[in-house]
Amino acid sequence: GFFSVDENTVCTWNTNNEVNGIGRQATAAAHSCLAYNSTDSAGTISSMFDADNLPIILMKVKPSRVSATDDIFVGLGNVVAGQAASPSEGIFFTNDNGTEWKGGTKTSGSAAQEVSCGVTVSTTTYSMLKIEVRSTTDVRFYVDGDNSTGGVNYKYCGKVTTGIPTEALSAMMMMATTNAAGM
């Protein structure tokens, strides 16, 4: 599969550096956007990540906005259309209506289980996010809030031991905003 953006017409996706996996996602005011692993059929998810296979997910992210009206979800999920809430099944990083990174899991639509990283989401430098699935009862989260100098220096956010999905998931990058300027 490959990354695909949902079919929402207010979303744009620019892969100006496909070789290195760098892309830009944008949404108009008061909308959400999603990029996910897909097949060549619109709206069809490629769910290749299963907690039993112990994936390690690395993502480098720099949002243009972050506030109580801007939400980010990056990691693994089961959604094929952008939404303002976390996926019903997922292992991900989020700002959760705030300005700091949190690691989270969610299963069967239950409340997300989260650990706070205590690291501000930067809009000027890239954050390096790492999710390490050690078992179906142990997911660990790490973040480097600014890896522009000095290499990658992860801060351990903590681990989640409950609410970890057992179904196969797709890589995802999702954002939602209610801000008039979009995101």
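The values are calculated or read from the model by the stated rules, or taken from the named source; none is laboratory data. All values derive from a computational prediction rather than experimental measurement. Ligands, DNA and RNA are stripped out before the accessible areas are found, and what is left, the full protein with its side chains, is counted by its heavy atoms. Shrake-Rupley method; radii C 1.70, N 1.55, O 1.52, S 1.80 Å.
Ratio of Rg to Rh for the range 115-158, alpha carbon only, Kirkwood?
Numbers: Rg = 11.3 Å, Rh = 11.1 Å.
Answer for the range 115-158: 1.02.
Contact order normalised by length for the chain, with contacts defined as Cα pairs under 8 Å and 6 or more residues apart; what percent is it? That works out to 28 percent. Dividing the convex hull volume of the alpha carbon atoms of the chain by its residue count gives 109 Å³ per residue. Element breakdown for the range 54-104 at a 1.4 angstrom probe: carbon and sulfur atoms account for 52% of the accessible area.
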